[in-house]
């Protein structure tokens, strides 16, 4: 399958890791599913932990292909390796979780400067769209392995608009999204995810809600840096204050424009004008290198 690399990580324990890496643009097609082959060196007498970022249909197929093994687990970075099938006596029970540390010690964390970056701004300033454009830019800038293993996006607003939302026609997106409640329980989950993922990833990108309140402030307190979007300096200023209150470094401020533009207005501090951030657009101007450097480097 084009853009798919499957490799086997052998361990001295009772499991091996079937590692998924999506290369190049990360796009794979289910039409090529019958070309996927499990590495020949797999030991069917041991368990298999399937790990890596991939579509659910690929995971389902790999679980089926690994049925001859002693047991199968799926690695979720928020939980660990969750056992979903057992095929032999003495195997871990279904639902048993192998801690992340037991899996991650067989991986080398990409060599990037660690950052937890909050994306801040009022509603309808284009934060989520900008974050998607930025993520695609980082995909092209970073080596495949560094991008897939070192970077992770956390949606810290329960608006039901994941990455898939921007890939569907607008009328379909509104049908399938599910808006959750922005309450203490949701915030506990987000904060917990940040705490877990910061040990696994080099760069976390946090898509925050559009209000300055106790919930966003609690999330911001877990971040190290911020990027603020606004339509003018006044709308940016209040988020500037929230960032300073949380003690995070502001990497850049972005003026969200209604026209197609991408330019640096000031370098110290970094001020960028960028637009137009419409979720229905297909092509966007390149994000200035100065901002990309701020994210990747010190």
query: From the list 25, 34, which one is surrounded by fewer than 17 Cβ atoms within 10 Å (Cβ to Cβ) and in a loop (DSSP other than H, G, I, E, B)?
result: 25
task: Give the range 258-275 a look and list any residue that's in contact with a strand residue (DSSP E or B) (Cβ under 8 Å, 6 or more places away or on another chain) and either free of Cβ contacts under 8 Å to residues at least 24 places away in the same chain or farther than 16 Å from residue 121 by Cβ (or both), or say none.
output: 258, 259, 260, 261, 262, 263, 264, 265, 269, 271, 272, 273
- prompt: Any idea which residue in the range 50-60 is surrounded by the most Cβ atoms within 10 Å (Cβ to Cβ), counting only those that are part of a helix (DSSP H, G or I) and out of contact with any helix residue (DSSP H, G or I) (no Cβ under 6 Å at 6 or more places or on another chain)?
  reply: 58
query: Within the range 16-49, how many residues turn out to be touching a helix residue (DSSP H, G or I) at 6+ places or on another chain (Cβ under 9 Å) and over 16 Å from residue 59 (Cα atoms)?
result: 3
- request: Enumerate the strands (runs of 3 or more DSSP E) found wholly within the range 185-298, keeping only those where 2 or more residues are surrounded by 19 or more Cβ atoms within 10 Å (Cβ to Cβ).
  value: 203-208, 225-230, 249-257, 271-275
Verdict on residue 125 being over 16 Å from residue 201 (Cβ atoms), modelled with pLDDT of 90 or more and in a helix (DSSP H, G or I): no
Meets criteria (modelled with pLDDT under 90, part of a helix (DSSP H, G or I), under 28 Å from residue 54 (Cβ atoms) and not assigned by TED's automatic domain parsing to the domain that holds residue 27) for residue 160: no
message: Being in contact with a helix residue (DSSP H, G or I) (Cβ under 9 Å, 6 or more places away or on another chain) and either exposed (fewer than 14 other Cβ atoms within 10 Å of the Cβ) or at pLDDT 80 or above (or both) is the requirement here; does residue 118 meet it?
response: yes
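The values are calculated or read from the model by the stated rules, or taken from the named source; none is laboratory data. Because the structure is a prediction, the values reported are computed rather than measured. Note: ideal-geometry Cβ built from the backbone for every residue, glycine included; neighbour counts use all protein chains shown.
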